[in-house]
Amino acid sequence: MMERLDSWKLALERLRSAPDWAEAGRLLAEIARMSSDVTLRHAAEQALPVLRQAVDNDDHGVTLAAQRRLGVVLEVVHDLSAPRFGRRNALPKQLSSEDRARKVLGLPLAVQLTCEDINQAYRRAAKGMHPDQGGSAEAFIDLAAARDILIHPGAHKDA
């Protein structure tokens, strides 16, 4: 797949510098038919009508639109063929039990909290989650557990 992307990239760059709209149409039809990437396929499919219109057209607006569409496809190819840095497919960092509790109560993660802040957030969230108000019992229990974790942080193990 990478060799095909490289050859498409070279052909697109050549066509962008010296446009031959018929050849560009054939290339983008091939890309739309053979690409496994959805974004690239979609960009090529969207560019085809404009490129076909530009084949025997002297209208500057049509050729300008065709050049832009060709540029969009080239940009997608560049993105796909560019080297990737960092950890690929890395799982997101696991939240600590205190951070999960803060999220449940709708509290910011990096701010020092007082017991009053925690209790206010608990009351605010409990109004909608209480079983008598249409909430679920499990969600209400999770809310109470989150409050307990934040009020007594050392008493609970990190899960």
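The values are calculated or read from the model by the stated rules, or taken from the named source; none is laboratory data. All values derive from a computational prediction rather than experimental measurement. Reconstructed Cβ throughout: ideal geometry from the backbone, glycine too, with neighbour counts over all protein chains shown.
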Practice item. Scan segment 61-68 and give yes if some residue there is at pLDDT 85 or above, among the hydroxyl-bearing types (Ser, Thr, Tyr) and assigned by TED's automatic domain parsing to the domain that holds residue 29, otherwise no. Key: yes
Check your understanding: Looking at (1) touching a residue at least 60 places away in the same chain (Cβ under 8 Å); (2) buried (at least 17 other Cβ atoms within 10 Å of the Cβ), which is the only condition residue 78 fails?
Key -> (2)
Exercise for review: Look at segment 29-40 and say how many of its residues are farther than 20 Å from residue 65 by Cβ and surrounded by 14 or more Cβ atoms within 10 Å (Cβ to Cβ).
Suggested key: 3
Study note, to complete from the structure: Subset of segment 102-133, residues more than 25 Å from the chain's Cα centre (by Cα), hydrophobic (A, V, I, L, M, F, W, C) and assigned to a helix (DSSP H, G or I), comes to 105, 115, 118, 121, 125, 126, 129
Study note, to complete from the structure: Considering segment 31-60, residues that are among the acidic types (Asp, Glu) and farther than 14 Å from residue 74 by Cα, and then whichever is nearest to the chain's Cα centre (by Cα), we arrive at 59
